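Worksheet: the structure to be examined is printed underneath.
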């Protein structure tokens, strides 16, 4: 199954992306990518490869058709036939990823986040919803505004 969404307003610090779904029974792999454009062949700023068959979540990026150094640390806490909730919080210099409300990893930006235009999820899962929330704060006024887009 697959899902692709344009990122409303573009990628920027303060954006929180939430993906809710279910892993298919007998699933081997699925992936969540923050990418440049709709095509799977473009550059990927942040790739999360959920490899149930290997018991790992691989983080990486791809530019000009070249995959770079993988990060593989962390415990896989996503299981076949069960619901999952992945949250990616965009910060100025990194992505912070949570799985089912628990911190999972930090992945530094390896290319300009302004190039990222789409989120894609595909593989052995069903996507229930994708939510984009923008949190903007003003220290002088102590006001926080949240805008939410749901696909």
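We did not get these values from a lab; they are worked out from the coordinates using the rules stated. Computed from a predicted model, the values in this text were never measured in an experiment. Every residue, glycine among them, receives a Cβ derived from its backbone with ideal geometry; neighbour counts consider all protein chains shown.
A few remarks follow.
- Full-stretch length increase - residue 20, residue 72 - with 0.36 nm per residue and alpha-carbon distance subtracted: 16.5 nm
- Sorted into 5 angstrom bins from 0, the C-alpha pair distances of the chain split as 2, 9, 19, 24, 21, 14, 6, 3, 1, 0, 0 percent.
- An oblate overall shape is assigned to segment 51-116, the ratio a/c of its alpha-carbon gyration tensor axes (a ≥ b ≥ c) being 1.5 or greater and a/b not exceeding b/c.
- Between the beta carbons of residue 92 and residue 29, assuming R0 = 35 Å, the FRET efficiency works out to 0.70 to the nearest 0.05.
- Zone residues, segment 10-50, relative to residue 133, backbone N less than 17 Å from point 7 Å out along Cα-to-Cβ: 12-21
- As a length-normalised measure over Cα pairs under 8 Å and 6 or more apart, the relative contact order of the chain settles at 35 percent.
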